[in-house]
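Each remark here refers to the structure printed beneath this line.
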Amino acid sequence: MAITNVTDQTFDTETKEGVVLADFWAPWCGPCKMIAPVLEELDSEIGDKVKIVKLDVDDNQETAAKFGVMSIPTLLVFKNGEVVDKVVGYQPKEALAGRLANHY
């Protein structure tokens, strides 16, 4: 699957079924740029088990506020619409893959 860009309007729909990793990011954020290729690799390796979505917090402040996102990147793991895990800051691929494996 490809990584999907979501908005305040589409976020709930895109995260309500299955396991979804939501990346709260912004274009000016250095660590966000560092984690982007990690997410691309994860998508190619486990995209059949985990859907990855990205939300630009500058353009979609309502959703970021709803989930209390204070610093970016913040990665929230949803399972059937419920937050089951949260990671703040850059993470190496192995660490993220290990955390995601707990949920599918």
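Please give me, ordered by residue number, the trypsin sites (Lys or Arg not before Pro) of region 5-104 that lie in loop per DSSP and have at most 14 other Cβ atoms within 10 Å. Each step should come with its number before you reach the end.
Numbers: sites: 16, 33, 49, 51, 54, 66, 79, 86, 93, 99; in loops: 16, 49.
For trypsin sites (Lys or Arg not before Pro) across region 5-104 that sit outside H, G, I, E and B with at most 14 neighbouring Cβ atoms in 10 Å, the list reads 16, 49.
Could you tell me which chymotrypsin sites (Phe, Trp or Tyr not before Pro) in region 1-53 are loop residues by DSSP with no more than 14 other beta carbons within 10 angstrom of their beta carbon? Walk me through the numbers on the way to the answer.
Details: sites: 11, 24, 25, 28; in loops: 28.
For chymotrypsin sites (Phe, Trp or Tyr not before Pro) across region 1-53 that sit outside H, G, I, E and B with at most 14 neighbouring Cβ atoms in 10 Å, the list reads 28.
Enumerate the amide H contacts of residue 10 below 5 Å, restricted to partners 5 or more residues apart or on another chain; note that Pro and chain-start residues carry no placed amide H.
none
Taking Cα extents along the principal axes in Å straight from the coordinates, which label in (1) 35, 28, 27; (2) 29, 28, 21; (3) 58, 30, 21 is the correct one?
Matching the structure shown: (2).
Net charge around residue 79, counting only other residues with Cβ within less than 10 Å of its Cβ (Lys, Arg = +1; Asp, Glu = -1)? Display every interim value, and only then the final one.
Numbers: positive: none; negative: 17, 82, 85.
Taking every Cβ under 10 Å from that of residue 79, the sum is -3.
Could you give each residue of region 93-103 its phi-based ³J(HN,Hα) in whole Hz, using Karplus coefficients 6.51, -1.76, 1.60 with θ = phi - 60°, and x for Gly or Pro?
Those phi angles translate into 4, 4, 5, 5, 4, x, 5, 5, 4, 5, 10 Hz.
Add +1 for every Lys or Arg and -1 for every Asp or Glu among the other residues with Cβ under 15 Å from the Cβ of residue 38, and state the total.
Details: positive: 33, 54, 93, 99; negative: 23, 40, 41, 43, 45, 94.
Charge balance in the 15 Å sphere: -2.
What does the charge dipole of the chain about its Cα centre add up to, to the nearest 20 debye, if the Cβ of each Lys and Arg holds +1 and the Cβ of each Asp and Glu holds -1? Write out the running numbers ahead of the final one.
Values: 10 positive and 17 negative charges, 60 e Å.
Roughly 280 debye for the chain.
Under 14 Å from the 7 Å Cα→Cβ point of residue 5, by amide nitrogen: which residues of region 24-42?
Flagged as within label range: 25-28.
Does anything in region 7-33 have its amide N under 19 Å from the 7 Å Cα→Cβ label point of residue 61, and if so which residues?
Taking a point 7 Å out along Cα→Cβ of residue 61, the residues of region 7-33 whose backbone N falls under 19 Å are 7-11, 24-29.
Computed FRET efficiency, Cβ-Cβ of residue 13 and residue 34, R0 25 Å: what is it to the nearest 0.05?
Result of the calculation: an efficiency of 0.30.
Given a 10 angstrom Cα cut-off, can you work out which residue in 83, 20, 53 is the most mobile in a GNM of the chain?
83
Readers should treat all values here as calculations from the given coordinates under stated rules, not as data from a laboratory. Note that the structure is a prediction, hence the values are computed from the model and not measured. Glycine gets a Cβ as well: all are built from the backbone with ideal geometry, and neighbour counts include every protein chain shown.
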